[in-house]
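One structure is given below, encoded as structure tokens.
The values are calculated or read from the model by the stated rules, or taken from the named source; none is laboratory data. Since we're looking at a predicted model, the values are computed, not measured. Positions of Cβ are generated from backbone atoms using ideal geometry, with glycine treated the same way; all protein chains shown enter the neighbour counts.
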Amino acid sequence: MSLAEQYVMDTEMDRSEGHITEDGRKIGAVMMEMRNITLKFGGVVAIKDISFDIRQGEIRAIIGPNGAGKSSMLNVISGFYHPQEGEVWYNGSRRAPMRPYQVARQGIARTFQNIALFEGMTVLDNVMTGRLNFMKTNLFQQAFWRGKAEREEVHNREFVEKIIDFLEIQAIRKTPVSRLPYGLKKRVELARALAAEPHLLLLDEPMAGMNVEEKEDMSRFILNANDEFGTTIALIEHDMGVVMDLSDRVVVMDYGKKIGDGTPDEVRNNQAVIDAYLGVAHD
Amino acid sequence: MLYREAGDFKTSYEDDSQTFPIRFDRLAFYAALVVAFGIVPFVINDYWANAVALPFLIYAIAAIGLNILVGFCGQVSLGTGGFMAVGAYATYKLMTAFPEVNIFFHVLIAGGITAFVGVLFGLPSLRIKGFYLAVATLAAQFFLVWLFNRVPWFYNYSASGQISAPERTVVGVPVTGPHTEAWATYLFCLVFLAGSALIARNLTRGATGRKWMAIRDMDIAAEIIGVNPLRAKLSAFAVSSFFIGIAGALFFSVYLGAVEVGEAFGINKSFLVLFMVIIGGLGRIFGSLAGAAFLVLLPVLLKNTLVGTLGWPTDLAAHLEIMIVGALIIVFLVAEPHGLAQLWRLTKEKLRLWPFPH
């Protein structure tokens, strides 16, 4: 079966309204769909004709060797890159090319491979920035503070405190981010993304550079976020153990092309995937 | 022993996010307000008002304005002098065109006009950053000074090319013109400084301030959490220029009385205010006050010591003064790059543990 045929089959399958997984989580209908995305930088083709979808409530992993185009894919979703060909469908309608802040307002949050926190601010302020889209008071109301601006601040603070509780970072809430160790910074970045109450959360290598314990913590937070808030999660990760344990479905990329798509078990037994990871002589 | 946060429990988020979370700080702040509003006006004389109080108050407003742009939003600007000139000329035009309106509103409207001009010159910030932006704002500085020199409409076609402030009163007391009293001008400027500091603090502790700081710290990440960079940067330019415009208006109308634009609002002014912000501490409202106090008081102090106490000739003292101030700035920045505000914070950290640091 060629990839195109498989994709047609996938999309037919996708018209279903979802199903219940073995561990009892509800997977809904398709929320985001990438259709035949091609992204070029000058002569370099970073992504070549890739299609896949993300369903409501699932944990979707994107894996592949270095330089496969995984991060570029996330950047397409979050609006940093605009593909030359292909369409992005979100919540049932085709998305026009938009700036990253507009994407954020549609309920898509993300973290970065190399931490992108605001170093000059405290943990609390960093997480509070995740609530900016919910803050509607104007400059003048904020200049006078008393009244609406203060109520809004307190209201959002309550939500942020829930997230801080959830990620167990209460003790460092007033610490400047620049003083934190790497693992905690990753956690704060997740907190900031979760504070935005995203429908879709994109995680770019959430476990990179962590030790086993930190990875276990992070996995727990990801699973809990998915479970408690119902957040759909798309993640890029190199740790295969983590990927196979966490995700419902996996997309495998290599040299900008999709070489596999399916449940962890299917992907694990896919010959193209094995070749890409173990290396095989290209003719 | 007084300076403790132990036992001072916060039971609401309002309490937790207040400006002075430590009780002693709060009391000290109220005491400073009482002294500034209730005692100083009764003891101030012309020398203190003109040499120390007025320049400090006015530069502090300008420094708060510039700090919002440079310290909070991370957009370097060298156009402060030009924007102050806009505030000054706007007040002058308003004062002469609508003499019946209270000067208080003229100053506010002048701030508003400067905010608009600031947004115009802030537009390049959407494309360029850092030093390149500084050069672009330098264009604002030179263009605005040139404009006010060359277009006679701005100085009402006066023969000298200067603008001079006519007498205007607030509740019957003159605050501009030749017959002002020290306490009146002092209070007039103090009200503006208090208002500016309060507004700046409110903006920077809330959502707007977080947007600015997000842009400053990492603009890509700011955009991904939903900050519109265009609006965030331009609002920083607007608010910053608003305060700088007010400072320019007061500098001309209350402090100097008569102004020649190239002399009063030249590039030197831009650098002076920028130094205040850097020495005081970027991204701290208190830093702006401290920086302004430092650079206003230091020359006065040096002059009094050199000329008054040591009896040196005035011109020699004047030159030495510049050299000493310059050297102090360098020494200071090497010792504490984060400015006076950081020094103050470290002192407070120590004080919290005193006298049992272990």
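Side notes on the structure shown:
- Any chance A:Ala104 is in a helix (DSSP H, G or I), in contact (Cβ under 8 Å) with a residue 24 or more places away in the chain, buried (at least 20 other Cβ atoms within 10 Å of the Cβ) and within 13 Å of another protein chain (Cβ to nearest Cβ): yes
- Flag set for B:Ala139, criterion: in a helix (DSSP H, G or I) and either of a type in the set (Asp, Glu) or within 22 Å of B:Lys233 (Cα to Cα) (or both).
- Tally of residues being more than 17 Å from A:Leu74 (Cβ to Cβ), of a type in the set (Ser, Thr, Tyr) and buried (at least 19 other Cβ atoms within 10 Å of the Cβ) across segment A:245-269: 0
- Among the helices (runs of 4 or more DSSP H) confined to segment B:1-70, the ones with at least 3 residues that are without any contact (Cβ under 8 Å) to a residue 24 or more places away in the chain are located at B:13-16, B:23-34.
- Inter-residue pairs, beta-carbon under 6 Å, first facing another protein chain (nearest Cβ under 7 Å) and free of Cβ contacts under 8 Å to residues at least 60 places away in the same chain and in segment A:110-131, second assigned to a loop (DSSP other than H, G, I, E, B) and charged (D, E, K, R), 6+ apart: none
- Options B:Gly226, B:Gly195: the member that is within 14 Å of another protein chain (Cβ to nearest Cβ) and buried (at least 20 other Cβ atoms within 10 Å of the Cβ): B:Gly226
Residue-by-condition table, conditions (1) surrounded by fewer than 12 Cβ atoms within 10 Å (Cβ to Cβ); (2) under 28 Å from A:Glu150 (Cβ atoms); (3) modelled with pLDDT of 90 or more; (4) not hydrophobic (A, V, I, L, M, F, W, C):
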site	(1), (2), (3), (4)
B:Met1	yes, no, no, no
B:Glu5	no, yes, no, yes
B:Tyr13	no, yes, no, yes
B:Pro21	no, yes, no, yes
B:Phe37	no, yes, yes, no
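- B:Lys211 being within 7 Å of chain A (Cβ to nearest Cβ), under 24 Å from B:Leu78 (Cβ atoms) and surrounded by 24 or more Cβ atoms within 10 Å (Cβ to Cβ): yes
- Screening A:Gln170 with (1) surrounded by 18 or more Cβ atoms within 10 Å (Cβ to Cβ); (2) farther than 22 Å from A:Val30 by Cβ; (3) free of Cβ contacts under 8 Å to residues at least 24 places away in the same chain gives one miss only, at (1).
- Subset of segment B:116-135 that is in a helix (DSSP H, G or I) and among the β-branched types (Val, Ile, Thr) - its residue that is nearest to B:Val76 (Cα to Cα): B:Val135
- Per-region count, segment B:212-224, residues part of a helix (DSSP H, G or I) and either without any contact (Cβ under 8 Å) to a residue 24 or more places away in the chain or acidic (Asp, Glu) (or both): 8
- Of the criteria (1) hydrophobic (A, V, I, L, M, F, W, C); (2) in a loop (DSSP other than H, G, I, E, B); (3) facing chain B (nearest Cβ under 9 Å), which one A:Val154 fails: (2)
- Within segment B:147-164, residues that are within 12 Å of B:Ala88 (Cα to Cα) reach partners that are surrounded by 11 or more Cβ atoms within 10 Å (Cβ to Cβ) and among the acidic types (Asp, Glu) with beta carbons closer than 7 Å, at six or more positions or on different chains, in the pairs B:Gln162/B:Glu260.
- Residue list for segment A:211-234, filter: closer than 23 Å to A:Ser78 by Cβ and part of a loop (DSSP other than H, G, I, E, B): A:Phe229, A:Gly230, A:Thr231
- Residue in segment A:132-143 that is surrounded by the fewest Cβ atoms within 10 Å (Cβ to Cβ), counting only those that are facing another protein chain (nearest Cβ under 7 Å) and in a helix (DSSP H, G or I): A:Leu139
- The set of residues in segment B:95-115 that are assigned to a helix (DSSP H, G or I) and over 17 Å from B:Ile244 (Cβ atoms) comprises B:Met95, B:Thr96, B:Ala97, B:Ile103, B:Phe104, B:Phe105.
- Candidate set: segment A:173-184, residues that are under 24 Å from A:Asp204 (Cα atoms) and within 12 Å of chain B (Cβ to nearest Cβ); chosen: the one surrounded by the most Cβ atoms within 10 Å (Cβ to Cβ): A:Val177
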